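Let me begin by presenting the structure, written as structure tokens, before commenting on it.
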Ligand code: ADP
Ligand code: MG
């Protein structure tokens, strides 16, 4: 095993009031690895991802990116390097191109139209730049969300049930697209799902969450009965 993991959490914990929503998670993800995290609703999967991206603050524990405590990084830099896709794309009103320009603009980079078109082609939406996001299907909106993440040239992506709100056809297409892009870009990935079959299809390793704890971790064939 690589002794310099891309991402490592150490005793990562979040307590809200009396409730321990993430409980001492130790997770190591190697560069280019796809870690699928599976668990029932309410087990803390989304909360774990939010901690890793520092959308929420841990109440205990640490996160290391390339061996560096993430608190040493400015939050904007962290969120550029660690992208996140949710179950539903939070696109703001406007065009597809506006949404993709937004992230880079926050760090003073103006994406040229050709770059936007390249990103859109990458996610199967060539020519969509001028479309109003209000008119996109669920699958198209998720592709825009992915293009928006890719515009930041992330090293790690966190996927929070990115296909679970889609109909079957869009689900399959977005899953295939994600798999292709993760491979081609060599992205390190933590992908949350409640779908065991999806976990088995995508995973290098699978982690099982229950009541805020990562209770087991292993190869997909050890973790998931056929
Ligand atoms: P999952 O994504 O696995 O369905 P979540 O991470 O959304 O689970 O939630 C885990 C638990 O933490 C749930 O019991 C949820 O109600 C609780 N929870 C999530 N966010 C908060 C919060 N901000 N305040 C209090 N409880 C929360
Ligand atoms: Mg969730």
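If the condition is being within 16 Å of ligand 1 (Cβ to nearest atom) and either in a helix (DSSP H, G or I) or under 23 Å from residue 119 (Cα atoms) (or both), then the stretch 168-214 contributes 190, 191, 196, 198, 199. Considering the stretch 37-55, the residues that are touching a helix residue (DSSP H, G or I) at 6+ places or on another chain (Cβ under 7 Å) and closer than 22 Å to residue 70 by Cβ include one that is nearest to ligand 1 (Cβ to nearest atom), namely 37.
For residue 112, the conditions (1) farther than 17 Å from residue 83 by Cα; (2) within 16 Å of ligand 2 (Cβ to nearest atom); (3) at pLDDT 95 or above all hold with the exception of (2).
When 134, 170, 141 are checked against the criterion of being modelled with pLDDT of 95 or more and exposed (fewer than 14 other Cβ atoms within 10 Å of the Cβ), a single residue qualifies: 134.
The values are calculated or read from the model by the stated rules, or taken from the named source; none is laboratory data. Owing to the predicted nature of the structure, the values given are computational and were not obtained by experimental measurement. Positions of Cβ are generated from backbone atoms using ideal geometry, with glycine treated the same way; all protein chains shown enter the neighbour counts.
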